[in-house]
1. With open to solvent by 40 Å² or more (accessible area, probe 1.4 Å), in contact with a strand residue (DSSP E or B) (Cβ under 9 Å, 6 or more places away or on another chain) and within 28 Å of Asp81 (Cα to Cα) as the only criterion, which of Arg157, Arg99, Arg130, Arg137 stands out?
2. Just to be sure before I move on: is Ala110 without any contact (Cβ under 8 Å) to a residue 24 or more places away in the chain and surrounded by fewer than 16 Cβ atoms within 10 Å (Cβ to Cβ) in the structure I sent?
3. With the checklist (1) open to solvent by 60 Å² or more (accessible area, probe 1.4 Å); (2) at pLDDT below 85 in hand, flag the one item Ser273 doesn't pass.
Amino acid sequence: MTPVTPADRVNAASGTGTGTATGTASDTAGNAAENAGGAAAEAAPGVPGGPLRALLHRPHSTGPAPGAGAAAAAEPAERCDLCAAPVQDGHRHMLDVQRSEVLCTCGPCALLFAHSTAGGRTYKLLPGRRAELPGFRIDPMVWARLGVPVDLAFFVRDGATGEVRVGYPSPLGVARSAVGPEVWEEVVRGYPEPVELADDVEALLVHRTEGPDGSAHARGRHWIVPLDDCYRLAALVRTHWRGLSGGPEVREHIDAFFAGLAGTSRTADEPRSQHV
């Protein structure tokens, strides 16, 4: 098969070949139920479809098969989804906006799409900014209006419509729902400075921690992160969730995830949304 080149992808973005969204909420829930042993499950609206699940289930390299040659041992586990070139650990990701698909991206393709206009409205390079927002507060009453049943969620703005959606991890994957404009205004009002997110590719990640009395605390952890970080976190929750409440193991992995964010925090100058 002839590898797809970056030029082919640019042509697709300009209209000579466009993708359509694939997968449904029920499809995602069905796969999750099968993985859990066939138990029936009903997914919440907005669970991402087939292509986006690739990031959640992308296998880690376990080394070459027994008896494989030196060439196989040296070959990378992953390749660029745009041009099929080998990619190494720490490679960048691209978002196919129309298909809601996260793509592995090699260095040259990342440079090609580094400018927001290069991929049109189809492809967007996921930024590298990870910035903690100290002093951010979300009032418990505002959180209740969001209808999120857990204390971990992320907010992403749709670049085409300006609509903000909230997603949260669950044993079935990622559930998502729309956030009303007035509720979003109340959410961002909890920070003393404007919260600027790059449309489609950056998220406000929120983890509400327990207060002294054991109830959810308004302060918690608040970060601006690339979208793929949110799906890595969702994968951790899905993998380590036990019972009805998740159990101590999943909480340890969540704490380790945020500790890792603190170790890679940076405030690189990234494209910003034009929405306020």
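1. After applying the criteria, what remains is Arg130.
2. Taking the combined requirement at face value, the residue does not satisfy it.
3. (1)
Condition check ((1) open to solvent by less than 60 Å² (accessible area, probe 1.4 Å); (2) over 23 Å from Gln98 (Cβ atoms)) across all residues:
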residue: Ala153; (1), (2): yes, yes
residue: Val164; (1), (2): yes, no
residue: Pro169; (1), (2): yes, yes
residue: Ala175; (1), (2): yes, no
residue: Val179; (1), (2): yes, no
residue: Val188; (1), (2): yes, yes
residue: Glu196; (1), (2): no, yes
residue: Ala203; (1), (2): yes, no
residue: Glu249; (1), (2): no, yes
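A quick yes/no check of all residues on (1) under 18 Å from Val237 (Cβ atoms); (2) part of a loop (DSSP other than H, G, I, E, B); (3) modelled with pLDDT of 90 or more:
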| position | (1), (2), (3) |
| --- | --- |
| Thr161 | no, yes, yes |
| Gly167 | yes, no, yes |
| Glu185 | no, no, yes |
| Leu197 | no, yes, yes |
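The values are calculated or read from the model by the stated rules, or taken from the named source; none is laboratory data. What you are looking at is a predicted structure, and each value in this text was computed from that prediction instead of being measured. Cβ atoms come from the backbone with ideal geometry, glycine included; neighbour counts cover every protein chain shown. Note: areas computed on protein heavy atoms with side chains; ligands, DNA, RNA excluded. Shrake-Rupley method; radii C 1.70, N 1.55, O 1.52, S 1.80 Å.
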